[in-house]
Amino acid sequence: MSVQCTAINTTNTTLYTSSGNSAITTVIVTNLNAYSAGTPTVGTTNLSLFVVPGGGTPNYSNMIVNALPVVASETFTFDNEKVVLSNGDTLVALASGASGISPQLAAVQITSFASKTGTGPYLVTFNIPSQGTNPLVGSYFSISGNSNSAYNGVFVCTNSTSTSLQLSYLSDPGSYGSGTTYLNSANLVATVSTLSV
């Protein structure tokens with residue numbers, strides 16, 4: 001059995017690529033935005049899922065979930081039906097922007113690593129290109145592309161300026177790696193469980 005966790009972006013996001021024949025047993029999608037009873041629709045994000053044959057592209061012919069609203073702080077579980085994939089087939093997701101929330105950062109390249117402090121949680125500060133407004137403290141962001149995979153994942157923002165962002169890591173990610181590292185807002189996060197068949 002394999003379990004993978006991935007932030008879903010507002011562009012097509014591959015959640016899983018089958019190597020050999022496999023079955024998707026469970027997909028769990030969580031909306032990371034905070035729920036407010038006074039404004040219950042704020043933070044709602046629409047989820048679309050596609051099962052794409054190897055070499056294909058996501059479209060209406062392979063869509064299995066169409067713009068399902070996932071309310072802030074809610075979790076959607078897709079586990080009643082199993083989806084069998086052949087080698088190279090993919091599960092792809094697409095998220096809308098969260099309603100009532102100004103877009104945070106989208107595919108921003110981290111300009112440099114600034115610092116790492118703490119003993120758990122570890123507070124990691126990154127330098128980013130100047131933003132019109134400070135990234136929202138308490139929001140979740142995904143990091144991708146770093147050669148040290150411990151830096152990649154979804155983390156909560158604990159401090160920010162217009163040119164820096166501090167994220168909280170539960171464990172020490174070690175030395176900052178190389179590679180072009182990107183930062184994205186994360187409204188939805190998916191966990192996919194699979195089995196070889």
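Of the strands (runs of 3 or more DSSP E) lying entirely inside the range 105-183, those containing at least 2 residues that are over 18 Å from Ile8 (Cα atoms) and in contact (Cβ under 8 Å) with a residue 40 or more places away in the chain are 112-117, 122-127, 164-169. The number of residues in the range 14-49 being surrounded by 16 or more Cβ atoms within 10 Å (Cβ to Cβ), of a type outside the set (Val, Ile, Thr), more than 14 Å from the chain's Cα centre (by Cα) and over 16 Å from Phe76 (Cα atoms) comes to 2.
Please state which one of Ile143, Ile128 is under 28 Å from Ile24 (Cβ atoms) and either in the same structural domain as Thr14 (by TED's automatic domain parsing) or buried (at least 16 other Cβ atoms within 10 Å of the Cβ) (or both). After applying the criteria, what remains is Ile143. For the range 149-165, check the following and say yes or no: at least one residue is touching a Cys at 6+ places or on another chain (Cβ under 7 Å) and at pLDDT 85 or above. Yes: the range 149-165 contains one or more residues that are touching a Cys at 6+ places or on another chain (Cβ under 7 Å) and at pLDDT 85 or above.
For the range 53-85, the set of residues classified as part of a strand (DSSP E or B), over 18 Å from the mean Cα position of the chain (by Cα) and closer than 18 Å to Val189 by Cα consists of Ile64, Asn66, listed by residue number.
Selection of first residues in the range 50-67 that are not assigned by TED's automatic domain parsing to the domain that holds Val27 and of second residues that are of a type in the set (A, V, I, L, M, F, W, C) and buried (at least 17 other Cβ atoms within 10 Å of the Cβ), restricted to Cβ pairs under 8 Å at least 6 apart or on distinct chains, gives an empty result.
Matching residues to (1) touching a strand residue (DSSP E or B) at 6+ places or on another chain (Cβ under 7 Å); (2) outside the structural domain of Ser139 (by TED's automatic domain parsing); (3) not in a loop (DSSP other than H, G, I, E, B):
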{"site": "Leu15", "(1), (2), (3)": "yes, yes, yes"}
{"site": "Ala23", "(1), (2), (3)": "yes, yes, yes"}
{"site": "Ala37", "(1), (2), (3)": "no, yes, no"}
{"site": "Gly43", "(1), (2), (3)": "yes, yes, no"}
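Within the range 184-197, being surrounded by fewer than 17 Cβ atoms within 10 Å (Cβ to Cβ) and not in a strand (DSSP E or B) holds for one residue alone: Val197.
Scanning the range 3-19 for residues that are at pLDDT below 80 and over 13 Å from Asn184 (Cα atoms) gives Val3, Gln4, Cys5.
Could you say whether any residue in the range 49-59 is at pLDDT below 90, out of contact with any Cys (no Cβ under 9 Å at 6 or more places or on another chain) and not acidic (Asp, Glu)? Steps first, please.
Quick first cut of the range 49-59, residues at pLDDT below 90 only: none.
No; the residues of the range 49-59 include none that is at pLDDT below 90, out of contact with any Cys (no Cβ under 9 Å at 6 or more places or on another chain) and not acidic (Asp, Glu).
The values are calculated or read from the model by the stated rules, or taken from the named source; none is laboratory data. Predicted model only: the values in this text are computed from it and were never measured. In this analysis, Cβ positions are derived from the backbone assuming ideal geometry, glycine residues included, and neighbour counts consider all displayed protein chains.
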